Amino acid sequence: MPALIIHGGAGRARTVAGQEAIKASLAQIADAAWAMVLDGAQAVEVAIASARLLEDDPLFNAGLGSKLQSDGVARLSAALMDGTRERFSGVINVEGLLNPILLCEHLQTQRDRVLAGEGALARARMLGLAEGDVITEAARANWRAALEGETGTIGAVVCDTRGDIAAATSTGGRGMETIGRVSDSATVAGNFASPSAGVSCTGIGEDIVDGALAARLVAAVDAGQPLAEAASNLENKMRARGWMAGVISLDSGCQWSAIHTTDVMYWTAMDADGLHQFNFRDVP
Ligand code: GLY
């Protein structure tokens with residue numbers, strides 16, 4: 001049986017109402033993605049479609065509603081990895097693009113597969129990808145108050161009916177960061193896949209890069225460790241190092257895992273047993 005897992009970020013727990021809204025959105029998007037999987041869509045197609053829906057929801061820190069950098073500009077990053085072909089594509093700090101994941105899709109077939117800034121925007125324009133203002137009033141208010149904001153990076157990892165795996169991740173970054181900072185999301189630390197496993201990360205990008213979390217977990221499964229054991233080992237390592245992050249993953253047997261060292265990670269999985277979701281956290 002196939003499986004998929006998506007996330008809408010990690011960090012401090014939001015209000016119960018906020019958690020309810022996230023849970024409902026993730027369930028709706030997972031349902032739509034699951035219908036594609038059962039219809040025979042390829043893992044990479046489903047990962048792109050899931051990431052696009054998550055980018056379109058301002059509840060999350062990707063696409064519309066992304067956090068702003070220290071100069072009040074939203075610069076978005078995203079990555080796509082086709083585990084079967086072991087091919088990575090990414091976009092770093094692009095402005096004014098509604099769905100960076102669609103540029104990652106195009107870049108999968110190109111010679112130069114990771115584009116940043118103006119070069120990324122120029123390519124998106126050449127392709128006619130939708131441009132627009134991704135800044136919401138809530139994101140602007142956080143920036144005015146010099147807050148990093150609560151919303152989280154998004155990600156999707158899919159194992160399709162053939163056992164093929166793909167991973168997609170998209171983010172507006174940490175919020176209030178220095179112009180030019182590069183997020184983990186468009187690196188193999190934040191988004192990685194192979195024929196045996198796929199991973200998407202959320203949390204503090206610098207911690208995710210220090211731990212090479214996505215690549216590390218995939219490498220452990222590639223080397224023969226069961227996913228549950230490899231994810232548990234990684235969580236122990238993250239705790240020992242104080243790395244603040246969340247990691248969703250699945251393997252080619254369609255086992256999935258969701259670990260985090262942050263207070264919460266907002267995730268939803270679908271498999272033969274149906275829908276699985278994060279538990280509510282009490283907020284003081
Ligand atoms: N994980 C998102 C970021 O730190 O950029």
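Tabulated values for the structure
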{"quantity": "Residues of the chain: accessible area per residue with a 1.4 Å probe, Å²", "calculated": "40"}
{"quantity": "Dipole magnitude of the range 186-284 about its Cα centre (Cβ charges: Lys, Arg +1; Asp, Glu -1), debye to nearest 20", "calculated": "160"}
{"quantity": "Calculated [θ] (222 nm, deg cm²/dmol) that DSSP helices of n ≥ 4 give over the chain, each run adding -39,500 (n - 2.57)", "calculated": "-10500 deg cm²/dmol"}
{"quantity": "Theoretical gain in end-to-end length, Arg111 to Asp222 [0.36 nm per residue, Cα-Cα removed]", "calculated": "37.3 nm"}
{"quantity": "Percent of beta bridges antiparallel (DSSP, the range 1-151, rounded to nearest 5)", "calculated": "70"}
{"quantity": "Cβ crowding within 10 Å averaged over residues, with 48-58, 159-169, 237-247, 110-120 ranked highest first", "calculated": "159-169, 48-58, 237-247, 110-120"}
{"quantity": "Mean Cα-pair separation over length for the range 197-252, i.e. relative contact order, pairs under 8 Å, 6 or more apart, %", "calculated": "57"}
{"quantity": "Whether the range 16-100 is rounded, prolate or oblate, judged on the alpha carbon gyration tensor where a/c under 1.5 counts as rounded", "calculated": "oblate"}
{"quantity": "Heavy-atom accessible area ranking, 1.4 Å probe, most first, across Thr202, Thr151", "calculated": "Thr151, Thr202"}
{"quantity": "Where only C-alpha atoms are counted, convex hull volume of the chain per residue in Å³", "calculated": "115"}
{"quantity": "Relative contact order (%) - criterion: Cα under 8 Å, at least six apart; region: the chain", "calculated": "27"}
{"quantity": "Counting DSSP beta bridges with both ends in the chain, the antiparallel % (nearest 5)", "calculated": "95"}
{"quantity": "Relative contact order (%) - the range 176-284, alpha-carbon pairs under 8 angstrom, separation at least six", "calculated": "21"}
{"quantity": "Accessible surface of the chain, 1.4 Å probe, proportion on carbon and sulfur as whole %", "calculated": "50"}
{"quantity": "Cα pair distances of the range 126-195 binned at 5 Å [whole percent]", "calculated": "3, 13, 17, 18, 18, 15, 9, 5, 2, 0"}
{"quantity": "Where Phe192, Phe280, Phe88, Phe60 fall by accessible area, highest first, once all protein chains stay in place (1.4 Å)", "calculated": "Phe280, Phe192, Phe88, Phe60"}
{"quantity": "Three-way shape call for the range 76-234 based on the alpha-carbon gyration tensor, with the a/c threshold at 1.5", "calculated": "oblate"}
{"quantity": "Net length gained if the chain between Asn236 and Asp39 were fully extended (0.36 nm per residue, minus Cα distance)", "calculated": "67.1 nm"}
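The values are calculated or read from the model by the stated rules, or taken from the named source; none is laboratory data. Please read these numbers as outputs of a predicted model, since none were measured by experiment. When we count neighbours, we look across all protein chains shown, and the Cβ atoms used for this are built from the backbone with ideal geometry, even at glycine. These accessible areas exclude ligands, DNA and RNA; they are computed on the full protein's heavy atoms, side chains included. Shrake-Rupley method; radii C 1.70, N 1.55, O 1.52, S 1.80 Å.
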